[in-house]
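Below is one structure, written out as structure tokens; comments come after it.
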Amino acid sequence: MIVNEISLWGAAVVAIIVVIAMIALAFVDSKMLRRMLVIFGATVAQMIVVGAVVLLAFKTFAWWAYLLWYLLILFLSICWVLYPINFMWKRAMIPVSAAMLAGSIVVGGSTMLCLPMNVFLTVYSVLMACMTASMIQTMVNFLRSQHASPMNPEAPKLELSWRESALPQIRSMAQPLVMVMPMLYAGMLVGGVSAHIGLIVILMLIAASFVANVLAGMIALSMIHKEVRKV
């Protein structure tokens, strides 16, 4: 059954609750409210662009629309990975871009090979969101590993960076996948896919996600290591 009606009363209640919460936050921490509004505005702008491309893809079903969606998601993923490390984004932009491009090729290729194109937009976006969250954790862990050692404040811990960054990356990858993949599997079953075929496809997508994530992490960290050693 497809729900084709939205409750305006429900939407109004949600809006009232949000306004009350924002007023309460303004009294507690007005600076946090301003930051939240800036991020909210950026998210709304992003959703407008994403929604326009999604509508275009569903209206045309053309290859160039899917390619545009692929590039848009890749661009947004790179921006979100660079956002927490904005003070060194110039140094990390090329490594992160190369890493996310390699990961997106694995993720996007596995999606196109395993699933029909009419579900490519959704599944590819979900897998890229998982990889983006994991890559953010990777970069944060890398920066932490570069802090000076108490025994030798002048020397960064370059030899520990890969271990300290990659292992939490792999663990963080599993967390969103555990929550997302069952929903994707349920969607397959609702769409009429047999249980065993759906399970095989899910396992293949999980494997591709892990491979893409580790590959992206290796590319980003190895390129950043080379840049750090040059300094």
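The values are calculated or read from the model by the stated rules, or taken from the named source; none is laboratory data. Treat the numbers as computed from the prediction; the structure is a model and nothing was measured. In this analysis, Cβ positions are derived from the backbone assuming ideal geometry, glycine residues included, and neighbour counts consider all displayed protein chains. Surface areas here come from the heavy atoms of the whole protein model, side chains and all, with no ligands, DNA or RNA. Shrake-Rupley method; radii C 1.70, N 1.55, O 1.52, S 1.80 Å.
Spacing of the modelled spin labels on residue 98 and residue 226, each 7 Å from Cα toward Cβ, amounts to 0.4 nm. Stretching residue 44 away from residue 79 to a fully extended chain increases their span by 11.1 nm, per 0.36 nm per residue minus the current alpha-carbon distance.
Could you look at segment 55-152 and say what percent of its accessible area is carbon and sulfur, using a 1.4 Å probe and all protein chains? Don't skip to the end; give the middle numbers.
On the way: 3680 of 4960 Å².
Taking all protein chains in place, segment 55-152 shows 74 percent carbon and sulfur surface.
Counted residue by residue at 0.36 nm each, then reduced by the alpha carbon distance between them, the extension gain from residue 37 to residue 25 reaches 3.2 nm.
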